[in-house]
1. From the list L389, L393, which residue is open to solvent by less than 20 Å² (accessible area, probe 1.4 Å) and either part of a helix (DSSP H, G or I) or farther than 26 Å from A161 by Cα (or both)?
2. For the stretch 13-31, which positions are at pLDDT 85 or above, at negative phi and assigned to a loop (DSSP other than H, G, I, E, B)?
3. What is the residue count in the stretch 61-114 for residues that are assigned to a loop (DSSP other than H, G, I, E, B), polar (S, T, N, Q) and over 24 Å from P349 (Cβ atoms)?
4. Just one of V352, V322, V337 is on the phi < 0 side of the Ramachandran plot and surrounded by fewer than 21 Cβ atoms within 10 Å (Cβ to Cβ); which is it?
5. Kindly indicate the residue of the stretch 105-116 that is open to solvent by 20 Å² or more (accessible area, probe 1.4 Å) and of a type outside the set (A, V, I, L, M) and also nearest to Q127 (Cα to Cα) among those meeting that condition.
6. Do the conditions hold for Y364, that is, is it out of contact with any helix residue (DSSP H, G or I) (no Cβ under 6 Å at 6 or more places or on another chain), at pLDDT 95 or above and open to solvent by 60 Å² or more (accessible area, probe 1.4 Å)?
7. Select from the stretch 209-263 the residues that are acidic (D, E) and farther than 18 Å from M183 by Cβ and write down the one among them that is farthest from the chain's Cα centre (by Cα).
8. Please specify each residue of the stretch 307-338 satisfying the condition of being farther than 19 Å from I175 by Cβ and not hydrophobic (A, V, I, L, M, F, W, C).
Amino acid sequence: IEFFEAILDRHEELHDVSLSDSLQLHPSRLYDPIFMKELQGQIQYVPAFGLATIRAIYAANCDYLVNNLSDSGDKMMQCSNVFICQVTPPDSNGYMNLGLTNDFSLEMLEKRKLGPLRMAIGEVNEQMPVVYGNNWVHVNDFDYLIENSSAPHIFKRNPPAEIEKTIAEYVLELIKDGDTLQMGLGGITECVFAGLKGKHGLGVHSEMLPMGLPRMVEEGIIDNKNKPFDRGISIGTFCLGDEQMYKYVNKNPSVHLRPGYYVNKSALIARIPNMTAINNALMIDFSGQIAAEGLGHRMISGSGGQLDFVMGGFWSEGGKSVTLLRSARKGADGNLVSSIVPGLPPGTPVTVPRTFSNYVVTEYGITDLRYKTRKERANALINIAHPDLRSDLRKQMQQVFY
């Protein structure tokens with residue numbers, strides 16, 4: 001963030017500069033739409049994924065790099081001239097660890113000669129945990145090293161809402177002993193993870209290492225013994241959590257971080273039996289098209305690795321993908337707006353095409369779309385829609401399909 005702020009301080013002398021990141025964890029003028037609006041033509045914000053930038057993404061001076069996490073390294077490399085990432089201090093042989101994030105960092109450095117990248121900067125942070133795996137770089141990979149000692153960001157969520165707990169209870173019915181799990185960000189998935197008590201032999205192969213992993217391993221719920229490769233090891237591309245989580249992953253041989261091109265490769269995910277991918281969505285239409293990034297032309301987040309894992313779970317022997325969404329939300333006028341709709345609003349990006357939609361869960365139940373026709377899908381989704389909206393949805397289905 002200090003690096004970005006230093007660039008923003010020079011905005012009067014800069015033109016046609018784009019700044020990009022993935023997870024936005026610290027306050028910055030970069031995410032302030034009022035400040036950034038004044039910099040149009042000078043500095044633009046182009047995130048590859050959005051977590052806390054809704055206000056910024058709604059603004060005019062913000063774009064979005066369309067990607068899946070599996071190809072984000074390649075796309076970022078082809079679009080970047082300067083790259084900076086945090087690393088641990090070098091060891092006696094000059095090797096440094098990428099610490100808590102390796103989604104596209106390693107690929108950027110490995111393939112820098114294939115793109116326009118002319119400068120790589122390592123921000124050396126002595127407080128960064130060392131996480132094993134394909135998570136090492138060398139001082140020679142960088143053109144410059146700078147020092148900035150700062151504690152890793154502590155990520156804590158508010159207590160889960162009742163609706164999140166209800167959805168999580170349904171999801172827990174779908175998780176069987178021996179499953180390997182991927183879970184996206186969000187309160188519902190964290191509720192799911194917290195409710196796994198009583199399960200056995202679970203594994204983790206996930207873009208984000210799930211919060212609560214230390215307790216799950218300690219209680220014997222997760223042992224990673226049923227995976228055909230990376231056996232005994234929880235696999236992820238980045239880690240976001242609290243002090244306990246960071247202490248757990250530090251120099252722990254049973255936790256590895258690897259690049260997105262490995263962890264999120266659908267063909268590799270599909271080789272894991274009973275792979276269960278669990279992700280959130282904003283809206284789904286009657287045919288099963290899933291929107292998880294935005295509504296209309298308004299971006300709210302990014303695709304991340306959702307499609308990567310949905311496809312992997314789809315082709316996994318005994319595998320599945322589970323899409324979570326609230327049945328409805330309140331509109332600006334205070335009225336309920338269904339998250340299950342006849343068709344997505346114009347301009348809405350389809351994160352998961354209907355050909356790969358599988359289980360869908362709301363606070364009113366579960367449905368499996370995989371083997372259903374269009375009309376069967378519509379009826380099944382209406383059955384788990386908000387009860388107050390089902391009658392109107394059935395009328396709309398009649399208009400759409402008959």
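1. Working: L389 fails: open to solvent by less than 20 Å² (accessible area, probe 1.4 Å).
Residue meeting the stated conditions: L393.
2. Within the stretch 13-31, L14, H15, S20, D21, S28 qualify.
3. Step one: list which residues in the stretch 61-114 are assigned to a loop (DSSP other than H, G, I, E, B), which gives 61, 63-68, 80-81, 88-94, 98-100, 102-104, 111.
Narrowing further to those that are polar (S, T, N, Q): 61, 67-68, 80-81, 88, 92-93, 102.
With over 24 Å from P349 (Cβ atoms) added as a condition, the list becomes 81, 88, 92-93, 102.
Total meeting the criteria: 5.
4. On the way: V352 fails: surrounded by fewer than 21 Cβ atoms within 10 Å (Cβ to Cβ); V322 fails: surrounded by fewer than 21 Cβ atoms within 10 Å (Cβ to Cβ).
Residue meeting the stated conditions: V337.
5. Step one: of the stretch 105-116, the residues open to solvent by 20 Å² or more (accessible area, probe 1.4 Å) are 110-116.
Narrowing the set further to residues that are of a type outside the set (A, V, I, L, M) leaves 110-113, 115-116.
Numbers: E110: 25, K111: 28, R112: 27, K113: 30, G115: 31, P116: 31 Å.
That would be E110.
6. Yes; evaluated as a whole, the condition is true for this residue.
7. Restricting attention to the stretch 209-263, the residues satisfying the condition of being acidic (D, E) are 218-219, 223, 230, 242-243.
From what's left, farther than 18 Å from M183 by Cβ: 218, 243.
Numbers: E218: 25, E243: 21 Å.
Among them, the one singled out is E218.
8. Selection gives D308, R326, S327, R329, K330, G331, D333, G334, N335, S338.
The values are calculated or read from the model by the stated rules, or taken from the named source; none is laboratory data. Keep in mind that what you see is a predicted model, and the values were worked out from it rather than measured. Using ideal geometry, Cβ is built from the backbone for each residue, glycine included, and neighbour counts are taken over all protein chains shown. SASA here: full protein model, heavy atoms, side chains in, ligands and nucleic acids out. Shrake-Rupley method; radii C 1.70, N 1.55, O 1.52, S 1.80 Å.
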